[in-house]
């Protein structure tokens, strides 16, 4: 009976530790962003993402540029995990920003949680 309690307790601890490990990776957060004008109404974005990438099964896999109305203006697909480079910065050029849009929101996505981490809004300077 004592062995059964220890086994049950050990299993509970293992499950809890596994859940804590998953929670530590969390959602992908945008931690810094810059919009640079490349031409009339066209911008390049430099975006830094922080995420506890743990390999191909759980990593930040893209980030998006969103207009204030929520419409998608651009997506930077991230092709591999960045376990040893955190936070990491990647760029996306050729993003057309419609006239009248004076700010955009950057959001990141990860392969387990989807969207939901910290977002960042940046001003568009014309």
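Brief remarks on what is shown
- Only one of 118, 108 that is touching a strand residue (DSSP E or B) at 6+ places or on another chain (Cβ under 7 Å) and under 16 Å from residue 58 (Cβ atoms): 108
- Selection within the range 76-123 - buried (at least 17 other Cβ atoms within 10 Å of the Cβ) and within 14 Å of residue 42 (Cα to Cα): 92, 95, 97, 104
Bear in mind that the values in this text are calculations on the coordinates, not laboratory data. Keep in mind that this is a model prediction, so the values were computed, not measured. Cβ atoms come from the backbone with ideal geometry, glycine included; neighbour counts cover every protein chain shown.
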